[in-house]
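The values are calculated or read from the model by the stated rules, or taken from the named source; none is laboratory data. Worth saying up front: this structure is predicted, and the values here are computed from it rather than measured. Note: ideal-geometry Cβ built from the backbone for every residue, glycine included; neighbour counts use all protein chains shown.
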Amino acid sequence: MLRWLAAPASLMGVAIFLPWARGSHSGGALDAAAIGLWVAMVLVLLLNAVHGDGCAPETSAFFRVWRVVLVVALVLASVASIVGLAADYRRHDVHPFLLYAVGWWLVMACYALGYSVAAVTSGPDLLRLPGVNIAAAAIGVVVAIALLTSIADPFRLTISHRVAALEAGITPLGAFDFDYLRRSGRYGQAELQRLAAKQDGPDAAEIARRARQTLAK
């Protein structure tokens, strides 16, 4: 049943995504990217349904064509998503939600790349699709573990990036939000403690003073 819904569902996904895609040009870049990633997830599910749950490819001409269409749509959704994420980075710099979305995009990109290789090497039959599913699922587990631990904790990476920009003089001292560190849990508190004891580098004394003031709140 689901495979017969692939065509209309794909068109609905495009119809839903296009209005949100305009957000990438009007400040809603992260929202547009998130919608693109949701569309990509739906396309992965539909493609597997059209493929016979990834095990027994449907041989009719209609489904052979739709498998290729779905692969192309998945690639386009992945490209549109990374464009939205890049636009959000340019507007708002690094932040936790962006990093979570990047991790999500990496998994979807693995599916898009793997399915594209399968389509190029085996045509509409997508004979390598089961193997791609296993590999992408394994990568998804690795990404999830990294994001949910200190390995690639989005909050830790965001704080490290912002503090590094401050200490390198990229972010002006007056524009840096010390209160953000205070509100950011143990990683932010650790950075504030370190900055409070800072003795060298540009504006070291003023950075240390403001860090101490923030810790005293």
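Summary of computed values
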| item | result |
| --- | --- |
| Checking M108 against (1) touching a helix residue (DSSP H, G or I) at 6+ places or on another chain (Cβ under 6 Å); (2) in a helix (DSSP H, G or I); (3) under 24 Å from Q189 (Cα atoms), the condition it does not meet | (3) |
| Filtered residue count, the stretch 62-81, keeping only those that are crowded, with 19+ Cβ neighbours inside 10 Å and of a type in the set (A, V, I, L, M) | 7 |
| Answer residue from the stretch 82-106, given it is more than 11 Å from the chain's Cα centre (by Cα) and under 13 Å from H161 (Cβ atoms) and is surrounded by the most Cβ atoms within 10 Å (Cβ to Cβ) among those | H95 |
| Qualifying residue in the stretch 121-132 (condition: touching a residue at least 12 places away in the same chain (Cβ under 8 Å), surrounded by 16 or more Cβ atoms within 10 Å (Cβ to Cβ) and touching a Leu at 6+ places or on another chain (Cβ under 7 Å)) | no |
| From A144, A118, residue being assigned by TED's automatic domain parsing to the domain that holds R67 and surrounded by 19 or more Cβ atoms within 10 Å (Cβ to Cβ) | A118 |
| Complete set of residues in the stretch 111-130 that are touching a helix residue (DSSP H, G or I) at 6+ places or on another chain (Cβ under 8 Å) and either acidic (D, E) or modelled with pLDDT of 90 or more (or both) | Y111, A112, G114, Y115, S116, V117, A118, A119, D125 |
| In the stretch 186-205, the residues that are closer than 13 Å to S160 by Cα and surrounded by 12 or more Cβ atoms within 10 Å (Cβ to Cβ) | Y187, G188, Q189, A190, E191, L192, R194, L195 |
| Out of A136, A208, A168, sole residue that is farther than 30 Å from A80 by Cβ and buried (at least 16 other Cβ atoms within 10 Å of the Cβ) | A208 |
| I151 surrounded by fewer than 20 Cβ atoms within 10 Å (Cβ to Cβ), in a loop (DSSP other than H, G, I, E, B) and more than 11 Å from the chain's Cα centre (by Cα) | yes |
| Scan of the stretch 74-100 for residues that are of a type in the set (G, A, S) and either more than 17 Å from A136 (Cβ to Cβ) or not assigned by TED's automatic domain parsing to the domain that holds A34 (or both), ordered by number | A80, G84, A86, A87 |
| Residue in the stretch 195-203 that is in a helix (DSSP H, G or I), among the hydrophobic types (A, V, I, L, M, F, W, C) and not assigned by TED's automatic domain parsing to the domain that holds A73 present | yes |
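Table: residues versus (1) under 18 Å from P130 (Cα atoms); (2) modelled with pLDDT under 50; (3) assigned by TED's automatic domain parsing to the domain that holds V107.
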site	(1), (2), (3)
A21	no, yes, yes
G27	no, no, yes
L30	no, no, yes
A34	no, no, yes
V42	yes, no, yes
L47	yes, no, yes
F62	no, no, yes
V68	yes, no, yes
